[in-house]
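One structure is given here, and the rest of the page talks about it.
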Amino acid sequence: MHDITNPTTERTSVLANLRALLPNRRLRLHEALRLAELQANRLLTLRGSLDIPVSTEIVTNLPGIGIDYELDMPASGCSDWDSRHRQWVITLRAGEPDTRHRFTLLHEYKHIIDHGHAGITVAPSRASINRPAAETVADYFAASVLMPKRLIKAAYFGGTQTIETLADLFEVSQAAMHVRLAQLGLTRSVDVDPLPALRCQPPSGIARHRHLGTPASIRSPLSAGFGR
Ligand SMILES: [Zn+2]
């Protein structure tokens, strides 16, 4: 099961360790995706997560991370720096399926890791107005944590090949599993929903009870098709 290591030693080391994997320059999208998977695997290793389903406690038990739930927010999640309590707060929309909470939590954690980084350069031909590169990369990180390549392939080539069964096994949505299998070359690629559900967005008034300061709140626009 999950051997959550002593959090008192990890206040800076997990986040700092993951941030240290990013070079201090703008990244191309393919680099950012590759590094997101590297960070995901490093997170799993640092937190001693060896089994499935991956426990979100690998993030929620970290010092310096708070989790909140709100009903009245227009997107599934957001991340804020709470300057009063000196911690990051990931807010999840209450009432959504646990599979979506899990995915959104990891998506938001990637935004926290990337806070202050130089960002991603996307060729104009690949740029998407509706899907900023940071959202794609945050989704990829979440998928890589919750559906590690090694464990997906072990399950798949061990005979578990239906989307439904794999999704249940890894506690993710069927949509998320479908996309992940395509990323790993185990199924055909999938189309992205042209009207995606919002993953994270600035919800008005969401931070009314917080003292927001530097570093500034993460307010990334939207996300698509992954991990409903
Ligand atoms: Zn986002």
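All of the numbers you see were taken from the coordinates with simple rules; none came from a lab. Here the structure is a predicted model, which means the values were calculated and not measured. In this analysis, Cβ positions are derived from the backbone assuming ideal geometry, glycine residues included, and neighbour counts consider all displayed protein chains.
Hey, among the residues in region 85-136 that are within 16 Å of the ligand (Cβ to nearest atom) and assigned to a strand (DSSP E or B), which one's farthest from the chain's Cα centre (by Cα)? Applying the filter and picking the extreme gives I120. Exactly one residue out of I163, I152 is surrounded by fewer than 18 Cβ atoms within 10 Å (Cβ to Cβ) and of a type in the set (A, V, I, L, M), and it is I163. When P74 is tested against (1) within 14 Å of the ligand (Cβ to nearest atom); (2) within 15 Å of Y140 (Cα to Cα); (3) in contact (Cβ under 8 Å) with a residue 60 or more places away in the chain, exactly one condition is not met: (2).
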